[in-house]
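Structure record follows, encoded as structure tokens.
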Amino acid sequence: MYEILEYKKGDFYITTDSKKIDIDAVSSLLGQSYWAKSRERDVITKSLKNSLCFSLFHNDKQIGLVRVITDYATFAYLCDVIIDDKYRHKGLGVWLLKCVFKYPDLQNLRRWCLATKDAHEFYRKFGFENLIKPEMFMEMINS
């Protein structure tokens, strides 16, 4: 359903080609995060398979990922946004998200959502705000 695109910047590139995802690298990155540190490899693999993924590479090494869960028509959930610690604070996260938001099949969606514990100011740069009517949103957590 989606178009494979690549974006380049010097020795870095971003691709939506799911065949290029390095599961070991992504599992390692997510294992260092607060939100997915206990996520099993088979769950990571399944989640990547069923999402639109933007993989960030330095030369041939995967150093980042953004996963988008979407219907491509009205809604997208931005998740698993991560960049290797050694590559942070170099503008790569901003570039990665700009590529996500200009991706052709994600244009004109009615709503984007995400959840974050500590990166609110980073996401505000892209137009995200606190929920206007949080009382309308619900969740179900399976432990």
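Readers should treat all values here as calculations from the given coordinates under stated rules, not as data from a laboratory. No experiment lies behind these values; they were computed from the predicted model shown. No Cβ is skipped: glycine too gets one built from the backbone with ideal geometry, and neighbour counts run over all protein chains shown.
By its C-alpha gyration tensor, with a ≥ b ≥ c as the square roots of the eigenvalues, how is segment 90-139 shaped: rounded for a/c under 1.5, else prolate for a/b larger than b/c, else oblate?
On the way: a/c = 2.64, a/b = 1.34, b/c = 1.97.
The shape class here is oblate.
From the residues Val94, Asn50, Asn108, which one has its Cα farthest along the dipole of the chain in the positive direction, the dipole being from +1 and -1 charges on Cβ of Lys/Arg and Asp/Glu about the Cα centre?
Result: Val94.
What Kirkwood radius, in Å to one decimal, follows from the Cα pairs of the chain? Intermediate results must be reported in sequence, preceding the final value.
Values: mean 1/r = 0.0628 Å⁻¹.
Result for the chain stands at 15.9 Å.
Enter the Cα centre distance for the pair segment 1-78 and segment 80-100, rounded to the nearest angstrom.
12 Å
Select from segment 55-134 those trypsin sites (Lys or Arg not before Pro) which occupy a DSSP coil region and have at most 15 other Cβ atoms within 10 Å, ordered by residue number. Mind showing how you got there, number by number?
Details: sites: Lys61, Arg67, Lys86, Arg88, Lys90, Lys98, Lys102, Arg110, Arg111, Lys117, Arg124, Lys125; in loops: Arg88, Lys90, Arg110, Lys117, Lys125.
Sparse-neighbourhood loop trypsin sites (Lys or Arg not before Pro): Arg88, Lys90, Arg110, Lys117, Lys125.
Based solely on its DSSP helices, what 222 nm [θ] is calculated for the chain when runs of n ≥ 4 H residues each add -39,500 (n - 2.57) and the sum is averaged over all residues, nearest 500 deg cm²/dmol? Walk me through the numbers on the way to the answer.
Details: 4 runs with 34 residues, N = 143.
Mean residue ellipticity at 222 nm (helix-derived): -6500 deg cm²/dmol.
Step through the table entries Lys8/Lys61; Lys9/Lys61; Lys19/Lys46; Lys20/Lys125, compare each Cα-Cα distance with 18 Å, and write down the pairs that go over it.
On the way: Lys8/Lys61 14 Å; Lys9/Lys61 15 Å; Lys19/Lys46 13 Å; Lys20/Lys125 29 Å.
Distance filter (> 18 Å) returns Lys20/Lys125.
Under a point-charge model restricted to the Cβ atoms of Lys and Arg (+1) and Asp and Glu (-1), what is the dipole moment magnitude of the chain relative to its Cα centre, in debye to the nearest 20?
Numbers: 22 positive and 19 negative charges, 51 e Å.
In total the dipole reaches around 240 debye.
Where in the chain is the longest stretch that carries no GluC sites (Glu not before Pro) classed as loop by DSSP and with at most 15 other Cβ atoms within 10 Å? Mind dumping the intermediate values first?
Numbers: sites that count: Glu3, Glu40, Glu129, Glu139.
Looking at the chain, 41-128 is the longest stretch - no exposed GluC sites (Glu not before Pro) with at most 15 other Cβ atoms within 10 Å.
Please name whichever of Ile132, Ser28, Thr16 sits farthest to the positive end of the charge dipole of the chain, dipole taken about the Cα centre and charges placed at Cβ: Lys and Arg +1, Asp and Glu -1.
Ile132
Select from segment 1-44 those trypsin sites (Lys or Arg not before Pro) which occupy a DSSP coil region and have at most 13 other Cβ atoms within 10 Å, ordered by residue number. All intermediate terms of the calculation are to be shown ahead of the outcome.
Details: sites: Lys8, Lys9, Lys19, Lys20, Lys37, Arg39, Arg41; in loops: Lys37, Arg39.
Qualifying residues, ordered by number: Lys37.
For the chain, set up a Gaussian network in which alpha carbons nearer than 10 Å are linked by springs, and say which option among Phe122, Phe57, Phe75 fluctuates the most.
Maximum among the listed residues: Phe122.
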